[in-house]
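Colleague: Mind having a look at this structure? Questions to follow.
The values are calculated or read from the model by the stated rules, or taken from the named source; none is laboratory data. What you are looking at is a predicted structure, and each value in this text was computed from that prediction instead of being measured. Please note: Cβ atoms are built from the backbone with ideal geometry, for glycine as well, and neighbour counts cover all protein chains shown.
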Amino acid sequence: MRGYDVVIVDYRGYGQSTGSISSDAQLLADVEAVYAWVQARYAKHQIVLYGSSLGTSFASWLAAHHRPRLLILESPLYSVEEIARRQFPWVPDFLLKYPLRSHAWIGQVRCPVVIFHGTHDPVIPYSDSERLATTVTAPLSFYRLEGGLHVDSARFPVYHMVLDQVLGNRRY
C-alpha cells in the first residue's frame, strides 16, 4: 500500500522462533543482527523502525544505537520492569529476565519519533506513553487515540494520515 519493504522479527521463544530467553542482552543481540542485515541492504535514510507493544523496546534500543530515518512506536511501554511491578508486585526484581527499559534508551534517539497510543489500552496503559514521551529529546509527534485499545491504531483515520505524511518522500 505504501511501497515499503518490511522486515518482521519473531523474538526467541515467540511466534515461530525457537530458543529461549535468559536475558535482555540476548534479545538485543538478536535485533542488532537483524538490523545489520537490513543495513547491508538499505541506506540509512531508507530505514524506518516500527515497534508495537513489546517491540517498541527493541525499536527504541536500535534507534538509540543507530540513526534510522524515523522511529514509530505503537502502544509503547515505559519498561517491562514497570509492567511486571504493576501486574506482579510480589515477584522479586531479580527474577525478571529482561527488564527492557525503553525509557533509558529513548532519550538517546536522534531521529524523529512518532508515538500512537490508545487511551483504553488494557495491556500497556496510556500513561506509559505519556511518561516515555517526557524522556524523548528528538523531534516528537504524539497521537492520543481516544478510546483506542492495544495495537489497534489502524482503525483510526489519523493513524493512516500520519503514516502517509511521515512515510512520504519527505526527508527528516
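Colleague: Could you say which residue among P157, P125, P112 is touching a Phe, Trp or Tyr at 6+ places or on another chain (Cβ under 6 Å) and of a type outside the set (A, V, I, L, M, F, W, C)?
Modeller: Just a single option satisfies the conditions, and that option is P112.
Colleague: Continuing with the same structure: What is the residue count in segment 40-75 for residues that are in a loop (DSSP other than H, G, I, E, B), charged (D, E, K, R) and touching a residue at least 12 places away in the same chain (Cβ under 8 Å)?
Modeller: Of the residues in segment 40-75, 2 are in a loop (DSSP other than H, G, I, E, B), charged (D, E, K, R) and touching a residue at least 12 places away in the same chain (Cβ under 8 Å).
Yes/no matrix, rows are residues, columns are (1) of a type outside the set (S, T, N, Q); (2) touching a helix residue (DSSP H, G or I) at 6+ places or on another chain (Cβ under 9 Å); (3) under 24 Å from G15 (Cβ atoms); (4) at pLDDT below 95:
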residue	(1), (2), (3), (4)
Y50	yes, yes, yes, no
S53	no, no, yes, yes
L62	yes, yes, yes, no
V136	yes, yes, no, no
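Colleague: For segment 80-92, check the following and say yes or no: at least one residue is at pLDDT 90 or above and touching a Pro at 6+ places or on another chain (Cβ under 8 Å).
Modeller: Looking for residues that are at pLDDT 90 or above and touching a Pro at 6+ places or on another chain (Cβ under 8 Å), one finds none in segment 80-92, hence no.
Colleague: Could you pull out the residue among R86, R69, R12 that is under 27 Å from H160 (Cβ atoms) and basic (K, R)?
Modeller: R69
Colleague: In segment 15-39, what residues are more than 14 Å from the chain's Cα centre (by Cα), among the β-branched types (V, I, T) and not in a loop (DSSP other than H, G, I, E, B)?
Modeller: Across segment 15-39, the qualifying residues are V34, V38.
Colleague: Now for a separate question. In segment 150-166, what count of residues is obtained for those that are farther than 15 Å from G51 by Cβ and touching a Lys or Arg at 6+ places or on another chain (Cβ under 9 Å)?
Modeller: Residues in segment 150-166 being farther than 15 Å from G51 by Cβ and touching a Lys or Arg at 6+ places or on another chain (Cβ under 9 Å): 1 in total.
Colleague: Just to be sure, is S52 surrounded by fewer than 20 Cβ atoms within 10 Å (Cβ to Cβ) and under 18 Å from V162 (Cβ atoms)?
Modeller: Working: surrounded by fewer than 20 Cβ atoms within 10 Å (Cβ to Cβ): yes; under 18 Å from V162 (Cβ atoms): yes.
Criteria met by S52.
Colleague: Let me ask you something else. Out of the residues in segment 141-172 that are surrounded by 17 or more Cβ atoms within 10 Å (Cβ to Cβ) and under 16 Å from the mean Cα position of the chain (by Cα), which is nearest to A43 (Cα to Cα)?
Modeller: L163
Colleague: Need the failing condition index for H45 against (1) in contact with a helix residue (DSSP H, G or I) (Cβ under 8 Å, 6 or more places away or on another chain); (2) under 23 Å from V6 (Cα atoms); (3) not charged (D, E, K, R), just the number.
Modeller: It fails just one condition, (1).
Colleague: Counting only residues that are surrounded by fewer than 23 Cβ atoms within 10 Å (Cβ to Cβ) and out of contact with any strand residue (DSSP E or B) (no Cβ under 8 Å at 6 or more places or on another chain), how many does segment 99-123 have?
Modeller: The total comes to 12.
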